[in-house]
Amino acid sequence: MEVIERKIKLSPGDPMSILGPGDQYLQLIEQKFDASIVARGDTVIVHGAPGEVAQVERVFKELNFVLSKSGKLSSRDVSTILDLIETGPPEGMAGEELDSVILFAHHDAIKAKTPTQKEYYQAIKKNDIVFAIGPAGTGKTYLAVAMAVSALKNREVTRIVLARPAVEAGESLGFLPGDLAQKVDPYLRPLYDALQEMLTGEKVRTFIERGTIEVVPLAYMRGRTINSAFVILDEAQNATPMQMKMFLTRLGAGSKAIITGDQTQVDLPTRQQSGLIQIQQVLNDVAGIKFVYFNKGDVVRHKLVKDIIEAYEKFHEQPGHSGEEEKATERADDFSSPSRERGRG
């Protein structure tokens, strides 16, 4: 195995601030890597495999950056940086390819694949509030979560908040068995699944325990102001107009919001208007807010998903078919089996 040496200069003036009291922070870093890490004055010497040495270098670069901005470091800062420094670009990836990558996840590089996904990616970069509207399987939620994790890794935000209406439980969740976590888990599970595609399960749990990542039912966001966060509302077609207004007005300084939904899959009671449908008229001309519309051509799931969506569209276009039968059946199923997972995406 190839072994290389790299010398890393610490922030001038007070290298102990990065190494920690009694080298405490240095020890945390040593536990994370197999590489040899030795501190000598204001220099850290690293011996190890090229990939690990590069990761160690990234850790100290981030520590130097945080110290220069805040004037101090804590063990929590070091732990967070270590959790975020996971992977880098695959070997041989060209500069043009790098520009299109949203996130280097622990299993692969995540990038926009269709023209609409690329429009979505650019819209999120340029706007503080973006609505993604379209059918299941088009990557609306997945790419939003990837952008959120990327923003957290790049220290553009300090936390991620993921919300979803638990509409099948009437947002009260009271009749479901178990504690709060057990009650809401079936409705939030698709968001956890997306996170675990991008971070290891252990890191997701760690971030949730620290409050760096929060996954909550929409109703539990009332009365809050959320600063310096990447906030995602998923399945927004099941938010009422009042809930949509409540969600959008939670946004605080330094925050960004992504709202995803499929306006053809509203599970609200009959005659209850969807906040996602109404909001397109309310905010259509507001600067800094962007609406991106997906269609079946953007489906990136199994190849048959696109055909299934098309078949349903043709079926509902038949004369005399309103689609109310399916909606009534879905509502009955939801009532009899409240813990059924939806996970449309």
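The values are calculated or read from the model by the stated rules, or taken from the named source; none is laboratory data. Only a predicted model underlies this, so the values are computations on that prediction, with no experimental measurement involved. Backbone-built Cβ (ideal geometry, glycine too); neighbour counts: all protein chains shown. To get the accessible areas, we keep the full protein, side chains included, count just its heavy atoms, and leave off ligands, DNA and RNA. Shrake-Rupley method; radii C 1.70, N 1.55, O 1.52, S 1.80 Å.
Looking across the stretch 268-282, the residues that are within 12 Å of Pro241 (Cβ to Cβ) and assigned to a loop (DSSP other than H, G, I, E, B) come down to Leu268, Gln272, Gln273, Ser274. Regarding the stretch 44-62, can at least one residue be identified that is of a type in the set (D, E, K, R), within 12 Å of Ser11 (Cα to Cα) and part of a helix (DSSP H, G or I)? Yes, the stretch 44-62 has at least one match.
The requirement of being open to solvent by 60 Å² or more (accessible area, probe 1.4 Å), of a type in the set (S, T, N, Q) and over 22 Å from the mean Cα position of the chain (by Cα) is not satisfied by Thr249. Within the stretch 278-316, being open to solvent by less than 90 Å² (accessible area, probe 1.4 Å), at pLDDT below 85 and of a type in the set (D, E, K, R) holds for Lys296, Asp298, Lys306, Asp307, Glu310, Glu313.
Taken as a whole, the stretch 28-42 holds at least one residue that is of a type in the set (Asp, Glu), free of Cβ contacts under 8 Å to residues at least 24 places away in the same chain and in a loop (DSSP other than H, G, I, E, B).
Of all the criteria given as (1) open to solvent by 40 Å² or more (accessible area, probe 1.4 Å); (2) in a loop (DSSP other than H, G, I, E, B); (3) at pLDDT below 80, the one not satisfied by Lys72 is (3).
Across the stretch 19-48, the qualifying residues are those that are in contact with a His (Cβ under 9 Å, 6 or more places away or on another chain) and surrounded by 17 or more Cβ atoms within 10 Å (Cβ to Cβ), and the one among them that is farthest from Val78 (Cα to Cα) is Ala35. Restricted to the stretch 4-18, and to residues that are of a type outside the set (D, E, K, R) and in contact (Cβ under 8 Å) with a residue 24 or more places away in the chain, which residue is surrounded by the fewest Cβ atoms within 10 Å (Cβ to Cβ)? Of everything passing the filter in the stretch 4-18, Pro12 is surrounded by the fewest Cβ atoms within 10 Å (Cβ to Cβ).
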